[in-house]
Amino acid sequence: MIWVGRRGWLPDEAATRALGESLGRTAQAGDALALVGPLAAGKTTLTQGIAKGLDVPADRRVTSPTFALANELPGRLLLLHVDVYRLGSADEAEDLGFRERVGHEGLAVIEWADRFPSLLPGHAVWVVLEHANDGRRAALFEPDGPEDGWLSELSLPGEPWETVRAERPWDRSCWQPR
């Protein structure tokens with residue numbers, strides 16, 4: 001399967017939060033966002049913007065759930081913020097009820113989703129972040145492509161975003177030359 005998405009440049013944290021806010025405003029109950037990127041690529045910063053777009057109260061601080069594994073935040077939709085970095089296997093995620101929660105209620109945001117891509121629901125939208133110069137590159141993919149799904153409704157900050165294809169966005173193949 002070839003995934004089709006959009007790729008663009010986020011010059012700073014404000015642009016990363018703005019993209020997240022647009023994702024949060026567009027999300028519907030049962031959606032899942034699979035976040036991919038190296039340490040400090042902006043996954044939690046993006047999630048902070050998502051929380052704002054979901055109207056999570058400002059007094060609810062969004063932090064990485066690396067040690068808690070999952071945080072729940074109330075808003076227009078429940079935000080289930082999951083970090084699978086510390087899990088040793090897909091079985092361990094299964095034992096914690098991953099499949100029962102992700103993609104069924106509220107909006108699930110999964111950091112380090114590339115560790116166990118087989119656990120993600122088929123309708124998950126993949127968000128790939130990479131360090132680049134003083135900012136970051138971002139690519140967003142959904143199964144049906146950006147023309148048919150909810151990515152078409154997003155307000156994308158920054159420079160014009162280009163269409164990009166990848167066989168497996170979770171392995172960051174979207175950055176390979178065409």
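The values are calculated or read from the model by the stated rules, or taken from the named source; none is laboratory data. Small disclaimer: the values here were computed from a predicted structure and weren't measured. So basically every Cβ, Gly included, is an ideal-geometry build from the backbone, and we count neighbours across all protein chains shown.
Structure values in brief
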| item | result |
| --- | --- |
| Options Ala34, Ala41, Ala58, Ala51; residue that is of a type in the set (Gly, Ala, Ser) and in a helix (DSSP H, G or I) | Ala51 |
| Which listed residue, of Arg86, Arg76, is under 17 Å from Gln28 (Cα atoms), of a type in the set (Lys, Arg) and either out of contact with any Lys or Arg (no Cβ under 8 Å at 6 or more places or on another chain) or in a strand (DSSP E or B) (or both) | Arg76 |
| All positions within region 21-50 that are touching a Lys or Arg at 6+ places or on another chain (Cβ under 7 Å) and surrounded by 24 or more Cβ atoms within 10 Å (Cβ to Cβ) | Gly24, Leu35, Val36, Gly42, Gly49 |
| Residue match in region 112-130 (condition: surrounded by fewer than 23 Cβ atoms within 10 Å (Cβ to Cβ), at pLDDT 85 or above, under 26 Å from Trp161 (Cα atoms) and of a type in the set (Phe, Trp, Tyr)) | yes |
